[in-house]
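Shown next, in structure tokens, is the structure this report addresses.
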Amino acid sequence: MSPRHAPDSRVVARRAEFMAALGRADEDAAVALALGLVDAGVPAGEVLLGLVAGTQEEVGLRWQRGEWSVAQEHAATAVNERVVAAVGRRTPPGTRGHVVLACLDGEWHALPGRIVAEVLRLAGWYVTFLGASVPAGELVSYLHQEGPDVVAVSCALPVHLPAAHRTIVAAQRTGTPVLAGGPGFGTDGRWARRLGVDAWAPDAVEAVRLLDELPWPEPEPDQVGDEAGPEYAGLRERRGDLVAAATRVLHGRTALGTPTGVVDAGLEDDLTHAVDFLTAAVYLSDPDVFTGYLGWLADLLGARGAGTDAARAVLAEFHAGLHDFPFAQQCLRRGATQLEEGAAPGHGAAAVREATA
């Protein structure tokens, strides 16, 4: 789920100092600053949302712009996790009802969900946070055992939406309402609604408001059509071939062994992710899942002074190898245009930006 919030002015005044502590990976200084704000009368929720969540977005942007390394980003995130834990220790257990909150299987961005869990506790709810990447079967088993009032699922990247759908359906079969959150469901929640969730919250504040309105009306049926099934299954089967094709192109050779002059092995991980975003787009019958990711990738490459030639060469290889996949072909054509034009304010691009923040 997303913890977005308009910050308190007292928090804004200390944000640069807090950001400097994150840059040094200075856990003691960061925790002391956050708890000092709480002791000075700033509500704990303001510290969690305005300080921790706000600076975490800047952490992601500094990595995206190439100003911080992956190691620096990880260190800063770890410090923010410690700050959330320190603030959370001051919150007594809630009694209003039981909410289980989990990150979907394969979703490792746990900090936003942890912040939301603490905000819900501050609002008086008893919250069990199950952490990152919870397999659907394990989550459902836990719901059967504990019988919570609501299960909240967090998704940072749209690539996890096919798995999210299976988790949502399985959770609802236990009789537990599902509250969805996080940029992976789309900045307007449209993909959450397509998957048939009971409620969707764009941020922690809205999640609290929605829980205040329990019980919720019956959800609308999911809108994932059967027509995407065969193409989705075929893409999953060909994933390994597509990843291998991307690697060949990035190392200068096509499937025919002809040199292409494209050598950019640093894109391998990003274009492996592109295969999965393409697969998710086919599952949801929505090209924005794929083009949004490529818009983010174009932004990333531009910020680092790199061109999109290598990425476009890989998309061309995908296009040639997926001639019998009509919807994937449509996505790839739009994706190539997106790489040429750069990032656009689409739902997918916004979701990836928020998730990497």
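When the expected Rg is taken as 2.2 N^0.38 Å, what fraction or multiple of it is the alpha-carbon Rg of the range 152-198?
Ratio of Cα Rg to 2.2 N^0.38 Å: 1.00.
How would SER154, SER9 line up by accessible area, probe 1.4 Å, largest first? Show your work: numbers first, answer last.
Numbers: SER154 5, SER9 90 Å².
Ranked list, largest accessible area first: SER9, SER154.
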Placed amide H near SER285: partners under 5 Å, 5+ positions off or other chain: none
Amide proton proximity set for ALA152, modelled H, under 5 Å, gap of 5+: VAL100, LEU101, ALA102, LEU179
Extreme residue, positive dipole direction of the range 72-208, given options HIS144, PRO158, GLY106 (C-beta unit charges): HIS144
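With a cut-off of at most 13 other beta carbons within 10 Å, and DSSP calling the residue loop, which chymotrypsin sites (Phe, Trp or Tyr not before Pro) in the range 12-119 qualify? Please list them. Show your work: numbers first, answer last.
Values: sites: PHE18, TRP63, TRP68, TRP108; in loops: TRP68, TRP108.
Answer in residue order: TRP108.
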The range 84-137 - charge dipole about Cα centre, Lys and Arg +1 at Cβ, Asp and Glu -1, debye rounded to 20: 320
Size of charge dipole - the range 1-88 - debye, nearest 20, with Cβ of Lys, Arg +1 and Asp, Glu -1, no other charges: 180
Cleavage-rule hits (trypsin sites (Lys or Arg not before Pro)) in the range 139-243: DSSP loop, at most 11 neighbouring Cβ within 10 angstrom: ARG173
Karplus-derived HN-Hα couplings along the range 150-162 (A = 6.51, B = -1.76, C = 1.60, θ = phi - 60°), whole Hz, x at Gly and Pro: 8, 10, 9, 10, 10, 9, 8, 10, x, 4, 8, 5, x
Exposure rank, largest accessible area first [THR176, THR187; 1.4 Å]: THR187, THR176
Amide H within-cut-off set for TRP200, under 5 Å, with H built and near neighbours excluded: ALA180
Calculated from backbone phi, Karplus (6.51, -1.76, 1.60) coupling profile of the range 78-92 in Hz, x at Gly/Pro: 4, 5, 4, 4, 5, 5, 4, 4, 5, 5, x, 5, 8, 9, x
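Top to bottom by accessible area (1.4 Å), largest first, where do HIS273, HIS165 land? The partial results should precede the final answer.
Values: HIS273 90, HIS165 20 Å².
Largest accessible area first, the residues go HIS273, HIS165.
Longest exposed-loop-site-free stretch of the chain, with GluC sites (Glu not before Pro), DSSP loop and at most 14 other Cβ within 10 Å?
Details: sites that count: GLU67, GLU213.
Result, exposed sites excluded: 68-212.
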Dipole of the chain [Lys/Arg +1, Asp/Glu -1 at C-beta], most positive-end residue of VAL314, LEU210, LEU250: LEU250
HIS74/ALA320 FRET efficiency (R0 25 Å; Cβ-Cβ; nearest 0.05): 0.10
Point-to-point label distance, LEU61-ALA85, nm (Cα→Cβ direction, 7 Å offset): 2.8
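If each residue of separation counts as 0.36 nm, what is the full-extension length gain between GLN330 and ALA303 once their alpha-carbon separation is subtracted?
Working: separation 27, 0.36 × 27 = 9.72 nm, distance 2.74 nm.
My answer for the length gained is 7.0 nm.
Answer rounded, prolate or oblate for the range 58-133, using the Cα gyration tensor with square roots of eigenvalues a ≥ b ≥ c: rounded when a/c is under 1.5, else prolate when a/b is larger than b/c, else oblate.
Values: a/c = 3.20, a/b = 1.95, b/c = 1.64.
The shape class here is prolate.
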THR247 accessible area, 1.4 Å probe, all protein chains in place, Å² to nearest 10: 50
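Given only helices, namely DSSP H runs of n ≥ 4 each adding -39500 (n - 2.57), what is the per-residue ellipticity at 222 nm of the chain, to the nearest 500 deg cm²/dmol?
Details: 16 runs with 199 residues, N = 357.
That comes out to -17500 deg cm²/dmol.
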Compactness of the chain, expressed as Rg and Dmax over alpha-carbon positions, Å: 21.1, 67
Cα-centre dipole for the chain with unit charges at Cβ (Lys and Arg positive, Asp and Glu negative), debye to 20: 400
Backbone HN-Hα couplings from phi across the range 173-184 [Karplus 6.51/-1.76/1.60, Hz, Gly and Pro as x]: 5, 7, x, 9, x, 10, 9, 9, x, x, x, x
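Roughly speaking, to the nearest percent, how much of the chain's 1.4 Å accessible area is carbon and sulfur? List each step's numbers first, then the result.
On the way: 7680 of 14910 Å².
Heavy-atom surface of the chain belonging to carbon and sulfur, 1.4 Å probe: 52 percent.
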Viscosity 0.890 mPa s, 25 °C: Kirkwood-radius Stokes-Einstein D of the range 1-122 over Cα pairs, µm²/s: 167
Rough spin-label spacing in nm, given labels placed 7 Å along Cα→Cβ, for ARG24 and ASP188: 4.5
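The values are calculated or read from the model by the stated rules, or taken from the named source; none is laboratory data. Just so it is clear, the model here is predicted, and its values are computed rather than measured. All Cβ positions, even for glycine, are placed from backbone atoms using ideal geometry, and neighbour counts span all protein chains on display. Note: accessible area is taken over every heavy atom of the protein model, side chains too, but ligands, DNA and RNA are not part of it. Shrake-Rupley method; radii C 1.70, N 1.55, O 1.52, S 1.80 Å.
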